[in-house]
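Where a number appears in this text, it was derived from the coordinates with a stated rule and is not lab data. It should be emphasised that the depicted structure is a prediction, and the values quoted were computed from it without experimental measurement. Cβ coordinates were reconstructed from backbone atoms using ideal geometry, including for glycine residues, and neighbour counts include every protein chain displayed.
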Amino acid sequence: MPRGARSATGGAGTAAPLVPTHPSLPALRAAASACRACPLWERGTQTVFGAGEPGAVVMFVGEQPGNDEDLAGAPFVGPAGRLLDRALAEAGLDRRAAYVTNAVKHFKWVARGKRRIHQKPSPGEIRACAPWLAAELAVVRPRALVCLGATAAQALLGRDFRVTAHRGEVFFTSRLAPIVMATVHPSSILRAPDDETRRAERAGFVEDLRRLAAALRSGAPEAPSVPAGP
Ligand code: URA
């Protein structure tokens, strides 16, 4: 492990020393596969890096891989991913033209019986992983960046950003991408307490994605030539 990747206390350090100087997505993926910048690598099956191509029109950022993603090694392939795919299709967006990733690249969980139960990543773990996300953003240079849920929004837009107050708003002035939006996390829709609430939340999510599609059609400018980190 390169020096400086992990703090002397054994807690969350930073992935920054591991990021290649002239990164490409394959080089980033290979470097991240050996990341030990925070203790989550010990619990996860593997690093789950982003999926998609450089130049993808939209980059979606979730929180962290779930159980299915941890086993498959790919983001958003479980129930939340299927909901995302269908909502994108309803909004006229194609997941195959998107880059999909997470703020944290390892699954954080605790055992409950035979099940692995998701745990929220800590601010230190999110910070440790942030250099991977910044590098993905710099290589992909999407026209639109979409934060799915509070963890991604706070990692990219600041600790004070509230998805509840600003979901679905289209921001054209961010230094991160020409179009920036935050909306709810698909998992929060799946966790809705009853069918009626779930239907309403899903409809709101599709509506946010339709607003994103309209902003893309409106011809927002190209990605900035010097993309910024989170
Ligand atoms: N939830 C996330 O935030 N990311 C995934 O990849 C899957 C579920």
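Structure notes:
- Antiparallel bridges, percent of DSSP beta bridges restricted to the chain (to nearest 5): 30
- Percent of Cα-Cα distances greater than 23 Å, calculated over the range 16-218: 41
- When the Cα positions of Ala80, Ser24, Ala34 are compared along the charge dipole of the range 16-218, Ala34 comes out farthest toward the positive end, with charges on each C-beta of Lys, Arg, Asp and Glu.
- Range in the chain, longest, excluding exposed GluC sites (Glu not before Pro) [loop by DSSP; at most 16 other beta-carbon atoms within 10 Å]: 1-168
- Among Gly73, Gly92, Gly62, the largest mean-square fluctuation in a Gaussian network model of the chain (Cα springs under 10 Å) belongs to Gly92.
- Potential extension, Glu196-Asp160 segment - 0.36 nm per residue separation minus Cα distance: 9.9 nm
- Span-rule helices in the chain, defined as complete DSSP H runs reaching 15 Å or more along the axis (Cα) with Kyte mean at least 0.5: 123-140
- 3J(HN,Hα) couplings calculated from phi for the range 17-23 with the Karplus curve 6.51 cos²θ - 1.76 cosθ + 1.60 (θ = phi - 60°) are, in sequence order, x, 8, 6, x, 5, 10, x Hz; Gly and Pro show x.
- Spatial offset of the range 149-219 relative to the range 93-113 amounts to 16 Å, using the alpha carbon center of each.
- Cα Rg, Dmax, the range 82-175, angstrom units: 15.0, 47
- Of Gly113, Gly44, Gly66, the one that fluctuates the most in a GNM where the chain has Cα springs shorter than 10 Å: Gly113
- Helical contribution to [θ] at 222 nm, DSSP H n ≥ 4, -39,500 (n - 2.57), averaged over the chain, rounded to 500: -11000 deg cm²/dmol
- Within the listed set Pro121, Pro20, Pro65, the Gaussian network model of the chain (springs between alpha-carbon atoms below 10 Å) gives the highest mean-square fluctuation for Pro20.
- Signed unit charges on C-beta, dipole axis of the chain, positive-most listed residue Gly168, Gly92, Met59: Met59
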